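The values are calculated or read from the model by the stated rules, or taken from the named source; none is laboratory data. No experiment lies behind these values; they were computed from the predicted model shown. So basically every Cβ, Gly included, is an ideal-geometry build from the backbone, and we count neighbours across all protein chains shown.
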Amino acid sequence: MEDVEPRFFSDCQARVAVEVLSGRWPMVVLYALTKGSGRPGELRQQIGGISQKVLTETLRRLEANGLVERRRYAEAPPRVEYSLTAAGEDLLVPIQALGDWAERHAETVMAAQEAAGA
């Protein structure tokens, strides 16, 4: 067997990316911010299918991981906007690559899932 670089083993740094992006919504929310900053209501409308609670939790998690920045404006009512940080912008490249892969292979994966469930 060839020597395998331990990029995803134990406590390696590459696992950070997997942990940060795990779940249904983080990549979707990051992608929704590609055009610039967005308010939570705008993001929710753009994404569709995500509850306010889950969007808030996802944004907080992405902020805690340094991928999005939260700006609060001192207005009445208060206005909050989220935007990508440099690290969040850098993640758009692999997210786009994953989207490209999904376009090419989604039917194969769904057929395999259907066959496995039968």
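Within the range 6-63, the set of residues being at pLDDT 90 or above and among the polar types (S, T, N, Q) comprises THR34, SER37, GLN45, GLN46, SER51, GLN52, THR56, THR58.
Are any residues in the range 81-118 modelled with pLDDT of 95 or more, of a type in the set (Val, Ile, Thr) and closer than 22 Å to GLY36 by Cα, and if so, which ones? Residue satisfying the conditions is THR85 alone. Counting only helices (runs of 4 or more DSSP H) that sit wholly inside the range 9-118, not one has at least 3 residues that are among the hydroxyl-bearing types (Ser, Thr, Tyr) and exposed (fewer than 10 other Cβ atoms within 10 Å of the Cβ).
Anything in the range 27-58 that is over 19 Å from PRO78 (Cα atoms) and in contact (Cβ under 8 Å) with a residue 40 or more places away in the chain? List them, or say none. Those that are over 19 Å from PRO78 (Cα atoms) and in contact (Cβ under 8 Å) with a residue 40 or more places away in the chain: MET27, LEU30, TYR31, LEU33, THR34, GLY36. Remark: VAL80 matches the filter, which requires a residue to be over 16 Å from TYR31 (Cα atoms) and not hydroxyl-bearing (Ser, Thr, Tyr).
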